[in-house]
Structure formats: C-alpha cells, structure tokens
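Q: Here you go, one structure.
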Amino acid sequence: MKELSVNALQTLAIGVMALLCGDFLKKKIRIFEKFCIPTPVIGGIIVSVIVCIMHVTNVADITFDKTLLEICIVFFFTSVGFQADVRLLKTGGSKLLITALLIALLVICQNGLAVWLAKIFGLPASLGMCTGSVSMTGGHGTSAAFGSILENMDLGLQRAATVSMAAATFGLIAGSIIGGPVANQIITKKKLL
C-alpha cells in the first residue's frame, strides 16, 4: 500500500475544504440544519470516510502533518475564552451549581467506566483513562495534551495520544449526531428560538 504524507499546509487546506464542504452540505440538506449537526462534523466525516475507503481498498495510507494542531487548538480555545463573563456566571445561581456538581459526577463515572472496561479488555488502566474524561469531557485539546504526557511517561503507552484523539473524535461525532436531534426536539417542544 502506498504511504501518502500530507504536509502542514496541505493538511490545513484539506481542513478548510472539509469545512467549506460541510457548510455547503448543511445549507443544501435540510436535515443537517434541522438537527443542529455542526458544519465541521459534516465535513470531517466526509474526509474520514474518504481516508478510510482509501485505506481499506489499499489505495493509500494517508498521514496528516500535526504541526499546526496545537496552534489551531490554542486559537480555538482562546476564542471560546473570549465569551467568558463572570456576570453571566452569577446569573446562573443554583442551577449553575447543580450543573457543575452533575458534571463532576459525570467525570467520575466516565473515569470509573473507562478504567473498568480497560481492565476487562486487558489494557492498562492509564490507557483506559484516555477514553474517559480526558477525551469525553476534555475534548481534543485535553486529549492532545494528556495523550502526549502519557506517551512520554514511563508507562509503556505508545499510542495514548492516538487513542485519546480517536475517543474525543468519537465523542464529538456521537454527541453531535445524538445531541442535535434531542436539542431540536426540546427547541420545538418548548417553542424556543
């Protein structure tokens, strides 16, 4: 099978094309808009399917350059941080506190389940943690950071970053596919804007 390495600029170009393709399809196919499926998820799934087909049919094994990964993650989370407002947090009151406690409980449950499943499958518990709250609550940024740390520690984990990123991607796609229709149903039922 042919090995195909895509450099940083080509990786960025493919990402932009995936985003534009996802935006185009979201505007043309009503169900994506109706169920609030994010544009990057639509484009990303298309690229993933193409790469998978190329791998399975032995056309090529594509390796994307990760040089710009950390920079783009920092840009994303910095832009999200611009929306933070202490006054808005204060207006949440007790509901915000209850939500925070439920999230903390979710994190504990995610980690417990991840470690338990890792032990069942004969995998290291620390590798199981890569599929717990590191990826499911933390997302891609946390997965990239902790995956690299786990690989560099003396734990014998060679693919922790890959497992973390794959789990985060699965969580993002599953959350979008499941969360979109659920959100749409709640918005429609409660007549929200």
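Q: Can you name the condition, by its number, that LEU102 falls short on among (1) surrounded by 11 or more Cβ atoms within 10 Å (Cβ to Cβ); (2) assigned to a helix (DSSP H, G or I); (3) of a type in the set (A, V, I, L, M)?
A: Among (1) surrounded by 11 or more Cβ atoms within 10 Å (Cβ to Cβ); (2) assigned to a helix (DSSP H, G or I); (3) of a type in the set (A, V, I, L, M), LEU102 violates only (1).
Q: Residues that are surrounded by fewer than 19 Cβ atoms within 10 Å (Cβ to Cβ) and of a type outside the set (S, T, N, Q): which helices (runs of 4 or more DSSP H) entirely in the range 111-193 hold 3 or more of them?
A: The helices (runs of 4 or more DSSP H) meeting that bar are 139-152, 160-189.
Q: Can you tell me which residues in the range 3-38 are of a type in the set (D, E, K, R) and crowded, with 16+ Cβ neighbours inside 10 Å?
A: Step one: of the range 3-38, the residues of a type in the set (D, E, K, R) are 3, 23, 26-28, 30, 33-34.
Result: LYS26, single match.
Q: Can you spot a residue in the range 44-51 that is free of Cβ contacts under 8 Å to residues at least 12 places away in the same chain, surrounded by 11 or more Cβ atoms within 10 Å (Cβ to Cβ) and more than 29 Å from PHE146 (Cα to Cα)?
A: The answer is no; no qualifying residue exists.
Q: Go through the range 1-87 and tell me which helices (runs of 4 or more DSSP H), entirely inside it, have 2 or more residues that are aliphatic (A, V, I, L, M).
A: Helices (runs of 4 or more DSSP H) meeting the threshold: 8-28, 39-56, 69-81.
Q: If you don't mind, there's one more thing I want to ask. Would you call PHE121 aromatic (Phe, Trp, Tyr) and either under 20 Å from ILE45 (Cβ atoms) or in contact (Cβ under 8 Å) with a residue 40 or more places away in the chain (or both)?
A: In short, no.
Q: Restricting the first residue to the range 143-165 and requiring it to be among the acidic types (Asp, Glu), which pairs with a second residue that is not in a helix (DSSP H, G or I) meet a Cβ separation below 8 Å and a spacing of at least six or different chains?
A: GLU151/LEU157; GLU151/GLN158; GLU151/ARG159
Q: Would you say ALA168 is modelled with pLDDT of 85 or more, in contact with a Ser or Thr (Cβ under 7 Å, 6 or more places away or on another chain) and of a type in the set (A, V, I, L, M)?
A: Here the answer is yes, as ALA168 does meet what is asked.
The values are calculated or read from the model by the stated rules, or taken from the named source; none is laboratory data. This is a predicted model, so every value here is computed, not measured. Quick reminder, even Gly has a Cβ in these numbers, built from the backbone with ideal geometry, and neighbours come from all protein chains shown.
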